Amino acid sequence: MLLNLWDLPRLRDVRRRKISSHDPTGGNRDYVTVPRGETHTLAEIEGAGCIRHIWVTIRCEDRWHPRKIVLRMYWDGEREPSVEAPIGDFFGLGHGIYRNFVSLPLQMAPEDGRGLNSWWPMPFSDGARIEVENECDTEISHLYYHIDYEEYEELDEDLGRFHAAWRRENPTDGLDYSQPIDFRRIWREEKNIDGSGNYLILEAEGRGHYVGCHVDIHNLRVTDEFNWYGEGDEMIFIDGERLPSIVGTGTEDYYCMAWCPTQEFCTPFYGLPLPGGPNWSGKISWYRYHILDPIYFQKSIRVTLEHGHANWRSDDISSTAYWYQAEPHKRLWPLLPVEERLPREEP
(Lines give C-alpha, C1' and ligand atoms only; values in the text may rest on other atoms or scores of the structure.)
Protein backbone atom coordinates (compact mmCIF):
# COMPACT_ATOMS: atom_id res chain seq x y z
CA MET A 1 0.00 0.00 0.00
CA LEU A 2 1.16 3.54 -0.70
CA LEU A 3 2.41 5.24 2.43
CA ASN A 4 4.03 8.47 1.27
CA LEU A 5 5.23 10.44 -1.75
CA TRP A 6 8.45 8.44 -1.88
CA ASP A 7 6.41 5.33 -2.75
CA LEU A 8 4.38 7.05 -5.47
CA PRO A 9 6.65 6.10 -8.42
CA ARG A 10 6.57 2.40 -7.44
CA LEU A 11 4.82 0.25 -10.06
CA ARG A 12 2.21 -2.02 -8.55
CA ASP A 13 -0.06 -4.82 -9.75
CA VAL A 14 -3.22 -3.21 -8.39
CA ARG A 15 -6.58 -2.33 -9.92
CA ARG A 16 -8.34 0.89 -8.88
CA ARG A 17 -12.10 0.66 -8.28
CA LYS A 18 -14.85 3.07 -7.27
CA ILE A 19 -18.35 2.63 -5.89
CA SER A 20 -20.50 5.76 -5.95
CA SER A 21 -24.07 7.03 -5.86
CA HIS A 22 -23.91 7.97 -9.55
CA ASP A 23 -27.07 7.85 -11.65
CA PRO A 24 -26.83 4.58 -13.66
CA THR A 25 -29.11 6.04 -16.37
CA GLY A 26 -26.51 8.69 -17.20
CA GLY A 27 -28.69 11.46 -15.76
CA ASN A 28 -27.85 13.82 -12.93
CA ARG A 29 -29.73 12.12 -10.07
CA ASP A 30 -26.39 11.13 -8.53
CA TYR A 31 -27.68 10.40 -5.04
CA VAL A 32 -29.80 7.94 -3.10
CA THR A 33 -32.68 8.59 -0.71
CA VAL A 34 -32.84 6.68 2.57
CA PRO A 35 -36.26 6.57 4.26
CA ARG A 36 -36.58 7.09 7.98
CA GLY A 37 -35.71 3.96 9.94
CA GLU A 38 -34.08 2.15 7.02
CA THR A 39 -30.53 0.98 6.32
CA HIS A 40 -28.74 1.54 3.01
CA THR A 41 -25.68 -0.42 1.86
CA LEU A 42 -23.14 1.92 0.31
CA ALA A 43 -20.71 -0.80 -0.73
CA GLU A 44 -20.57 -4.59 -0.87
CA ILE A 45 -17.12 -5.63 -2.10
CA GLU A 46 -15.86 -9.15 -2.73
CA GLY A 47 -12.33 -10.49 -2.50
CA ALA A 48 -9.23 -8.73 -1.23
CA GLY A 49 -8.47 -5.03 -1.33
CA CYS A 50 -8.12 -1.80 0.56
CA ILE A 51 -10.45 1.19 0.78
CA ARG A 52 -8.30 4.29 0.31
CA HIS A 53 -10.80 7.15 0.39
CA ILE A 54 -14.43 7.78 1.31
CA TRP A 55 -16.34 10.96 0.44
CA VAL A 56 -19.89 11.66 1.60
CA THR A 57 -22.25 14.61 1.59
CA ILE A 58 -25.78 14.64 2.95
CA ARG A 59 -28.96 16.64 2.69
CA CYS A 60 -31.42 15.92 5.48
CA GLU A 61 -33.93 18.24 7.14
CA ASP A 62 -33.33 16.76 10.60
CA ARG A 63 -31.12 19.29 12.39
CA TRP A 64 -29.07 16.65 14.23
CA HIS A 65 -28.63 14.22 11.35
CA PRO A 66 -24.81 14.03 11.76
CA ARG A 67 -25.47 12.37 15.15
CA LYS A 68 -28.56 10.40 14.14
CA ILE A 69 -27.21 8.68 11.01
CA VAL A 70 -25.09 5.66 11.99
CA LEU A 71 -22.14 4.46 9.87
CA ARG A 72 -21.05 0.81 10.11
CA MET A 73 -18.29 -1.16 8.40
CA TYR A 74 -17.68 -4.91 8.30
CA TRP A 75 -14.57 -6.77 7.10
CA ASP A 76 -14.12 -10.32 5.84
CA GLY A 77 -17.69 -11.47 6.42
CA GLU A 78 -17.77 -10.64 10.13
CA ARG A 79 -21.18 -10.49 11.82
CA GLU A 80 -20.36 -7.64 14.23
CA PRO A 81 -19.11 -4.29 12.87
CA SER A 82 -15.52 -3.13 13.19
CA VAL A 83 -16.71 0.47 12.74
CA GLU A 84 -19.82 1.90 14.38
CA ALA A 85 -20.25 5.63 14.96
CA PRO A 86 -22.55 8.56 14.19
CA ILE A 87 -21.57 9.64 10.71
CA GLY A 88 -20.49 13.18 11.63
CA ASP A 89 -18.36 11.90 14.50
CA PHE A 90 -16.72 9.28 12.29
CA PHE A 91 -15.55 12.03 9.93
CA GLY A 92 -13.78 13.88 12.73
CA LEU A 93 -16.10 16.34 14.47
CA GLY A 94 -18.75 15.86 17.15
CA HIS A 95 -21.64 17.93 18.51
CA GLY A 96 -23.82 17.03 15.50
CA ILE A 97 -22.44 19.91 13.45
CA TYR A 98 -20.38 20.56 10.33
CA ARG A 99 -17.36 22.85 10.23
CA ASN A 100 -14.48 23.32 7.81
CA PHE A 101 -11.32 21.67 9.16
CA VAL A 102 -8.33 19.73 7.84
CA SER A 103 -6.37 16.83 9.30
CA LEU A 104 -4.40 14.16 7.47
CA PRO A 105 -6.88 11.26 7.83
CA LEU A 106 -10.14 13.23 8.06
CA GLN A 107 -11.52 16.48 6.70
CA MET A 108 -14.75 18.44 6.53
CA ALA A 109 -14.55 20.56 3.40
CA PRO A 110 -16.52 23.50 1.97
CA GLU A 111 -19.29 24.34 1.60
CA ASP A 112 -19.46 24.87 5.40
CA GLY A 113 -17.90 21.51 6.20
CA ARG A 114 -20.48 19.51 4.27
CA GLY A 115 -17.92 17.56 2.21
CA LEU A 116 -16.89 14.65 4.46
CA ASN A 117 -13.62 12.87 3.65
CA SER A 118 -11.77 9.90 5.15
CA TRP A 119 -8.31 8.79 4.04
CA TRP A 120 -7.85 6.00 6.61
CA PRO A 121 -6.60 2.87 4.77
CA MET A 122 -9.06 0.02 5.33
CA PRO A 123 -7.69 -3.35 4.17
CA PHE A 124 -9.70 -6.56 3.85
CA SER A 125 -8.93 -10.07 2.59
CA ASP A 126 -12.38 -11.52 1.98
CA GLY A 127 -14.89 -8.77 1.36
CA ALA A 128 -16.09 -5.48 2.86
CA ARG A 129 -19.49 -3.98 3.56
CA ILE A 130 -20.31 -0.35 4.41
CA GLU A 131 -23.79 0.78 5.42
CA VAL A 132 -25.67 3.70 6.95
CA GLU A 133 -28.76 3.52 9.13
CA ASN A 134 -31.16 6.47 9.15
CA GLU A 135 -32.34 7.13 12.70
CA CYS A 136 -33.49 10.67 11.85
CA ASP A 137 -37.03 11.98 12.20
CA THR A 138 -37.12 12.47 8.42
CA GLU A 139 -35.77 10.79 5.32
CA ILE A 140 -32.26 11.41 4.05
CA SER A 141 -33.33 13.16 0.87
CA HIS A 142 -29.87 13.25 -0.74
CA LEU A 143 -26.98 10.92 0.12
CA TYR A 144 -24.03 11.29 -2.24
CA TYR A 145 -20.94 9.10 -1.80
CA HIS A 146 -17.70 7.87 -3.37
CA ILE A 147 -15.78 4.84 -2.08
CA ASP A 148 -12.38 4.52 -3.75
CA TYR A 149 -10.58 1.23 -3.25
CA GLU A 150 -7.83 -1.02 -4.58
CA GLU A 151 -8.43 -4.59 -5.66
CA TYR A 152 -5.73 -7.22 -4.94
CA GLU A 153 -5.14 -10.86 -5.76
CA GLU A 154 -4.46 -11.37 -2.07
CA LEU A 155 -3.76 -9.24 1.01
CA ASP A 156 -0.50 -9.17 2.93
CA GLU A 157 -0.90 -11.19 6.12
CA ASP A 158 0.58 -8.55 8.43
CA LEU A 159 -2.14 -5.93 7.87
CA GLY A 160 -4.54 -5.16 10.72
CA ARG A 161 -8.17 -4.27 10.19
CA PHE A 162 -9.42 -0.72 10.68
CA HIS A 163 -11.71 -0.03 13.65
CA ALA A 164 -13.55 3.02 14.99
CA ALA A 165 -15.93 3.41 17.91
CA TRP A 166 -17.84 6.29 19.50
CA ARG A 167 -18.85 6.75 23.12
CA ARG A 168 -20.20 9.43 25.44
CA GLU A 169 -20.45 10.27 29.15
CA ASN A 170 -23.11 12.90 29.77
CA PRO A 171 -21.98 14.19 32.20
CA THR A 172 -18.76 12.75 33.53
CA ASP A 173 -18.71 11.84 37.21
CA GLY A 174 -17.14 14.91 38.80
CA LEU A 175 -18.07 17.60 41.31
CA ASP A 176 -21.44 19.31 41.65
CA TYR A 177 -21.14 22.61 39.77
CA SER A 178 -23.90 24.18 41.84
CA GLN A 179 -21.58 24.13 44.88
CA PRO A 180 -18.46 26.29 45.45
CA ILE A 181 -15.35 24.65 43.98
CA ASP A 182 -11.76 25.39 44.97
CA PHE A 183 -10.19 24.08 41.77
CA ARG A 184 -6.78 25.50 42.63
CA ARG A 185 -6.71 23.38 45.80
CA ILE A 186 -7.65 20.38 43.67
CA TRP A 187 -4.74 21.11 41.33
CA ARG A 188 -2.35 21.35 44.30
CA GLU A 189 -3.51 18.50 46.49
CA GLU A 190 -5.60 15.83 44.73
CA LYS A 191 -3.86 12.74 43.33
CA ASN A 192 -4.75 10.21 40.62
CA ILE A 193 -2.17 7.53 39.91
CA ASP A 194 -4.16 4.53 38.69
CA GLY A 195 -6.67 6.30 36.43
CA SER A 196 -9.72 5.55 38.55
CA GLY A 197 -12.71 7.43 37.16
CA ASN A 198 -10.95 8.54 33.98
CA TYR A 199 -12.94 9.05 30.79
CA LEU A 200 -12.54 5.93 28.63
CA ILE A 201 -11.65 6.62 24.99
CA LEU A 202 -10.80 3.07 23.90
CA GLU A 203 -10.77 -0.44 25.29
CA ALA A 204 -9.63 -3.18 22.90
CA GLU A 205 -8.28 -6.72 23.10
CA GLY A 206 -5.91 -8.49 20.73
CA ARG A 207 -2.84 -7.29 18.82
CA GLY A 208 -2.81 -3.92 17.13
CA HIS A 209 -2.08 -0.23 17.38
CA TYR A 210 -4.06 2.82 18.44
CA VAL A 211 -3.92 5.64 15.88
CA GLY A 212 -5.79 8.43 17.66
CA CYS A 213 -9.04 10.09 18.55
CA HIS A 214 -11.04 13.25 18.58
CA VAL A 215 -12.72 14.41 21.79
CA ASP A 216 -15.78 16.66 21.94
CA ILE A 217 -16.60 18.49 25.15
CA HIS A 218 -19.59 20.59 26.13
CA ASN A 219 -18.44 22.71 29.06
CA LEU A 220 -21.29 22.53 31.59
CA ARG A 221 -19.83 24.84 34.23
CA VAL A 222 -21.36 28.32 33.91
CA THR A 223 -19.19 30.71 35.89
CA ASP A 224 -17.23 33.94 35.76
CA GLU A 225 -14.31 32.14 37.43
CA PHE A 226 -11.47 30.60 35.45
CA ASN A 227 -13.31 27.83 33.58
CA TRP A 228 -10.61 25.85 31.77
CA TYR A 229 -11.89 22.34 31.07
CA GLY A 230 -8.46 20.68 30.91
CA GLU A 231 -5.53 19.69 33.15
CA GLY A 232 -6.54 16.05 32.63
CA ASP A 233 -3.67 13.68 31.83
CA GLU A 234 -3.92 10.92 29.26
CA MET A 235 -3.25 7.53 30.85
CA ILE A 236 -2.79 4.57 28.52
CA PHE A 237 -2.63 1.00 29.81
CA ILE A 238 -0.89 -1.57 27.60
CA ASP A 239 -1.37 -5.36 27.80
CA GLY A 240 -3.17 -5.47 31.14
CA GLU A 241 -1.02 -3.03 33.08
CA ARG A 242 -2.30 -2.12 36.55
CA LEU A 243 -0.67 1.29 36.29
CA PRO A 244 -0.38 3.13 32.97
CA SER A 245 2.99 3.07 31.22
CA ILE A 246 2.04 6.10 29.10
CA VAL A 247 1.08 9.16 31.17
CA GLY A 248 0.89 12.74 29.96
CA THR A 249 0.95 16.16 31.61
CA GLY A 250 -2.41 17.70 30.71
CA THR A 251 -5.24 17.76 28.21
CA GLU A 252 -3.88 20.38 25.83
CA ASP A 253 -0.44 18.77 26.08
CA TYR A 254 -1.86 15.51 24.73
CA TYR A 255 -3.21 17.26 21.66
CA CYS A 256 0.15 19.04 21.21
CA MET A 257 -0.89 22.56 22.26
CA ALA A 258 -0.11 24.74 25.27
CA TRP A 259 -1.39 27.16 27.88
CA CYS A 260 -5.16 26.57 27.73
CA PRO A 261 -5.62 27.34 24.02
CA THR A 262 -8.50 29.51 22.82
CA GLN A 263 -7.56 29.72 19.12
CA GLU A 264 -8.86 27.55 16.30
CA PHE A 265 -5.94 25.60 14.85
CA CYS A 266 -5.62 22.52 12.61
CA THR A 267 -2.61 20.48 11.41
CA PRO A 268 -2.29 17.03 9.79
CA PHE A 269 -1.88 15.26 13.15
CA TYR A 270 -3.47 17.45 15.84
CA GLY A 271 -5.87 20.34 16.07
CA LEU A 272 -8.58 22.36 17.78
CA PRO A 273 -11.40 22.90 15.25
CA LEU A 274 -13.76 24.18 17.98
CA PRO A 275 -11.97 26.11 20.75
CA GLY A 276 -15.14 27.05 22.66
CA GLY A 277 -16.58 30.45 23.48
CA PRO A 278 -15.49 33.04 26.07
CA ASN A 279 -13.89 31.44 29.11
CA TRP A 280 -13.90 28.07 27.24
CA SER A 281 -17.69 27.95 27.35
CA GLY A 282 -19.93 25.80 25.20
CA LYS A 283 -18.74 23.33 22.58
CA ILE A 284 -15.08 22.30 22.21
CA SER A 285 -13.50 19.75 19.85
CA TRP A 286 -9.91 18.64 19.52
CA TYR A 287 -8.06 15.76 17.83
CA ARG A 288 -4.78 13.86 18.14
CA TYR A 289 -3.88 11.32 15.43
CA HIS A 290 -0.93 8.99 16.04
CA ILE A 291 -0.01 8.61 12.37
CA LEU A 292 3.76 8.84 12.90
CA ASP A 293 3.68 7.51 16.47
CA PRO A 294 1.14 4.66 16.78
CA ILE A 295 0.73 3.13 20.22
CA TYR A 296 1.20 -0.64 19.94
CA PHE A 297 -0.35 -3.42 21.98
CA GLN A 298 0.05 -7.20 21.91
CA LYS A 299 -2.83 -8.26 24.15
CA SER A 300 -4.96 -5.25 25.08
CA ILE A 301 -5.13 -1.47 25.40
CA ARG A 302 -7.10 1.02 27.49
CA VAL A 303 -6.86 4.67 26.46
CA THR A 304 -8.17 7.03 29.13
CA LEU A 305 -8.20 10.74 29.89
CA GLU A 306 -8.80 12.56 33.15
CA HIS A 307 -11.74 14.97 32.96
CA GLY A 308 -9.97 17.80 34.73
CA HIS A 309 -7.11 17.08 37.11
CA ALA A 310 -8.08 14.10 39.31
CA ASN A 311 -11.44 13.97 37.48
CA TRP A 312 -13.14 16.93 39.17
CA ARG A 313 -14.91 18.16 36.01
CA SER A 314 -18.53 17.21 35.31
CA ASP A 315 -18.85 17.93 31.57
CA ASP A 316 -20.55 16.29 28.60
CA ILE A 317 -17.75 14.40 26.81
CA SER A 318 -17.90 12.23 23.71
CA SER A 319 -15.13 10.77 21.58
CA THR A 320 -14.32 8.66 18.55
CA ALA A 321 -11.31 6.33 18.72
CA TYR A 322 -9.51 4.85 15.71
CA TRP A 323 -7.25 1.79 15.73
CA TYR A 324 -5.99 -1.20 13.74
CA GLN A 325 -5.89 -4.74 15.05
CA ALA A 326 -5.87 -8.41 14.13
CA GLU A 327 -9.24 -10.10 14.19
CA PRO A 328 -11.25 -11.19 16.01
CA HIS A 329 -11.90 -7.98 17.94
CA LYS A 330 -13.67 -7.46 21.22
CA ARG A 331 -17.27 -6.53 20.53
CA LEU A 332 -17.69 -2.75 20.39
CA TRP A 333 -19.62 -1.22 23.28
CA PRO A 334 -23.30 -0.76 22.42
CA LEU A 335 -24.07 2.48 20.59
CA LEU A 336 -26.30 4.75 22.69
CA PRO A 337 -29.95 5.05 21.61
CA VAL A 338 -30.54 7.99 19.30
CA GLU A 339 -32.18 10.14 21.99
CA GLU A 340 -29.07 9.75 24.17
CA ARG A 341 -26.77 10.76 21.33
CA LEU A 342 -28.37 14.16 20.75
CA PRO A 343 -26.08 17.15 21.36
CA ARG A 344 -26.94 19.75 23.96
CA GLU A 345 -28.33 23.10 22.97
CA GLU A 346 -26.17 26.12 23.73
CA PRO A 347 -27.31 27.94 26.92
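The values are calculated or read from the model by the stated rules, or taken from the named source; none is laboratory data. Keep in mind it's a predicted model, so treat the numbers as computed, not measured. Reconstructed Cβ throughout: ideal geometry from the backbone, glycine too, with neighbour counts over all protein chains shown. The area values use the complete protein model at the heavy-atom level, side chains included, leaving out ligands, DNA and RNA. Shrake-Rupley method; radii C 1.70, N 1.55, O 1.52, S 1.80 Å.
So Cys60 fits all but one of (1) within 25 Å of Arg167 (Cβ to Cβ); (2) in contact with a Leu (Cβ under 7 Å, 6 or more places away or on another chain); what number is the exception?
For Cys60, the failing item is (2).
Looking only at residues that are among the aliphatic types (A, V, I, L, M) and touching an Asp or Glu at 6+ places or on another chain (Cβ under 6 Å) in the stretch 273-319, which one is most open to solvent (accessible area, probe 1.4 Å)?
So, considering only residues that are among the aliphatic types (A, V, I, L, M) and touching an Asp or Glu at 6+ places or on another chain (Cβ under 6 Å), the one most open to solvent (accessible area, probe 1.4 Å) is Ala310.
Evaluate the following for Arg67: is it open to solvent by 30 Å² or more (accessible area, probe 1.4 Å) and either more than 30 Å from Glu264 (Cβ to Cβ) or basic (Lys, Arg) (or both)?
Criteria not met by Arg67.
For Glu46, only one of the following conditions fails: (1) out of contact with any strand residue (DSSP E or B) (no Cβ under 7 Å at 6 or more places or on another chain); (2) in contact (Cβ under 8 Å) with a residue 12 or more places away in the chain; (3) closer than 23 Å to His209 by Cα; (4) of a type outside the set (Ser, Thr, Tyr). What is its number?
So Glu46 meets the others, but not (3).
I want to confirm something. Restricting to the stretch 157-185 and keeping residues that are under 30 Å from the mean Cα position of the chain (by Cα) and polar (S, T, N, Q), which single residue is most open to solvent (accessible area, probe 1.4 Å)?
Filtering first and then ranking leaves Asn170.
Taking the stretch 1-31, which residues are aromatic (Phe, Trp, Tyr) and either within 22 Å of Ile45 (Cβ to Cβ) or modelled with pLDDT of 95 or more (or both)?
Correct list: Tyr31 only.
Going residue by residue through the stretch 323-337, is there one that turns out to be surrounded by fewer than 20 Cβ atoms within 10 Å (Cβ to Cβ) and without any contact (Cβ under 8 Å) to a residue 12 or more places away in the chain?
Within the stretch 323-337, one or more residues are surrounded by fewer than 20 Cβ atoms within 10 Å (Cβ to Cβ) and without any contact (Cβ under 8 Å) to a residue 12 or more places away in the chain.
Which condition from (1) among the small types (Gly, Ala, Ser); (2) farther than 17 Å from Trp323 by Cβ; (3) out of contact with any helix residue (DSSP H, G or I) (no Cβ under 8 Å at 6 or more places or on another chain) is the one that Gly88 breaks?
Result: Gly88 passes all but (3).
Has the stretch 4-21 got at least one residue that is surrounded by 13 or more Cβ atoms within 10 Å (Cβ to Cβ) and free of Cβ contacts under 8 Å to residues at least 24 places away in the same chain?
No, that holds for no residue.
What are the residue pairs meeting all of these: first residue in the stretch 102-126, first residue under 20 Å from Tyr324 (Cα atoms), second residue open to solvent by 90 Å² or more (accessible area, probe 1.4 Å) and not polar (S, T, N, Q), Cβ atoms under 6 Å, and 6 or more apart or on different chains?
Every condition considered, the pairs that remain are Pro105/Trp119.
Is it the case that the stretch 28-39 has a residue that's farther than 22 Å from Tyr98 by Cα and free of Cβ contacts under 8 Å to residues at least 24 places away in the same chain?
Taking every residue of the stretch 28-39 in turn, at least one turns out to be farther than 22 Å from Tyr98 by Cα and free of Cβ contacts under 8 Å to residues at least 24 places away in the same chain.
I need the full set of residues from the stretch 144-188 which are free of Cβ contacts under 8 Å to residues at least 60 places away in the same chain and either polar (S, T, N, Q) or in a strand (DSSP E or B) (or both), in order please.
Once the filter is applied, which keeps residues that are free of Cβ contacts under 8 Å to residues at least 60 places away in the same chain and either polar (S, T, N, Q) or in a strand (DSSP E or B) (or both), the stretch 144-188 yields Ser178, Gln179.
For the stretch 66-77, which positions are touching a Phe, Trp or Tyr at 6+ places or on another chain (Cβ under 6 Å) and part of a strand (DSSP E or B)?
Residues satisfying the conditions are Leu71, Trp75.
Among (1) in a strand (DSSP E or B); (2) farther than 14 Å from Ser21 by Cβ; (3) among the charged types (D, E, K, R), which single condition is Arg63 missing?
So the condition that Arg63 fails would be (1).
Which one of these is at pLDDT 95 or above, surrounded by fewer than 21 Cβ atoms within 10 Å (Cβ to Cβ) and touching a helix residue (DSSP H, G or I) at 6+ places or on another chain (Cβ under 6 Å): Gly197, Gly232, Gly206?
One residue alone meets the criteria, Gly197.
Being within 13 Å of Phe162 (Cβ to Cβ) and assigned to a loop (DSSP other than H, G, I, E, B) is the filter here, so list the residues in the stretch 312-331 that pass it.
Of everything in the stretch 312-331, those that are within 13 Å of Phe162 (Cβ to Cβ) and assigned to a loop (DSSP other than H, G, I, E, B) turn out to be Ala326, Glu327, His329.
Name the residue, out of Cys260, Cys266, that is open to solvent by 20 Å² or more (accessible area, probe 1.4 Å), more than 20 Å from the chain's Cα centre (by Cα) and modelled with pLDDT of 95 or more.
Cys260
Given the criteria open to solvent by 10 Å² or more (accessible area, probe 1.4 Å) and out of contact with any Leu (no Cβ under 8 Å at 6 or more places or on another chain), does Asp89 qualify?
It is false that Asp89 is open to solvent by 10 Å² or more (accessible area, probe 1.4 Å) and out of contact with any Leu (no Cβ under 8 Å at 6 or more places or on another chain).
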